[in-house]
Amino acid sequence: MSLPFHSLDAALFTRAQTLLDEEWLARDADLAPMLPVVLARGVGQDWHKAGTFRHHLIGVARSLSLWNQPKDVRLLGLLHSVYGNAFVDLVKFDASSEREGLKALIGESAEHLVYLFCTMSRTQFVAQLLAGDLAADGSMTLQKNGPEPRQSIKLTPYEVAAFAIVSMADSMEQWFSWQEDIYSRFPNVDASRQQSVHWAASLWPGPM
């Protein structure tokens with residue numbers, strides 16, 4: 001049985017062509033003003049997965065731009081790890097002293113999304129999302145990162161939706177080959193593969 005052929009979405013194709021240009025971000029009126037600020041924090045010198053941290057942040061923002069996401073969500077994509085998180089220790093802004101400065105640059109609503117995304121338990125978020133563990137209105141209660149006892153937070157339906165699509169963009173930008181091995185079965189990571197025993201498999205670029 002042949003699958004139905006879907007005609008090309010002309011608007012999507014045009015947007016994709018524009019985003020393939022290496023300089024696309026410099027022409028994005030919403031994101032371009034943040035680029036010098038982010039670069040000044042050394043993201044171009046930090047190695048991250050299969051490139052620099054700069055490549056990763058821009059790659060996530062590119063996918064969100066292709067999907068025509070709102071400004072706050074695209075800013076979250078560009079800055080989604082700048083306060084650090086449970087997965088990577090690449091703190092570019094100190095959440096204890098620099099939140100007001102970042103709010104002044106990107107707006108209070110976008111900074112709020114960045115802060116929540118960096119400080120919530122992302123593993124728990126993905127697990128609950130995949131399990132459909134949401135309230136009737138689409139909100140979600142989960143824990144923040146940190147030692148026990150961990151603080152509980154409640155995400156609004158909009159925050160859940162924003163974090164879901166940014167998580168999708170984040171995953172597809174960096175998870176391939178050796179990354180898939182390390183994060184096997186995420187969010188239920190294979191605990192039988194102990195890093196202390198199989199440490200070589202966790203080193204980039206993995207088996208040659």
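All of the numbers you see were taken from the coordinates with simple rules; none came from a lab. Worth saying up front: this structure is predicted, and the values here are computed from it rather than measured. All Cβ positions, glycine included, derive from the backbone under ideal geometry; neighbour counts span all protein chains shown.
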Quick check: from the Cα gyration tensor, does segment 77-156 come out rounded (a/c under 1.5), prolate or oblate? prolate
Compute the distance in nm between two label points, each set 7 Å from the Cα along the Cα-to-Cβ direction, one at E98 and one at A127. 3.1
Around R41: net Lys/Arg minus Asp/Glu count, Cβ-Cβ under 12 Å: -1
Could you work out the relative contact order of segment 21-156? I mean the mean sequence separation of Cα pairs under 8 Å and 6+ apart, divided by the number of residues, in percent. 15
Nearest 20 debye, what's the magnitude of the dipole of segment 22-133 about its Cα centre given +1 on Lys and Arg Cβ and -1 on Asp and Glu Cβ? 180
Local electrostatic count, V114, Cβ distance below 14 Å [Lys/Arg +1, Asp/Glu -1]: -1
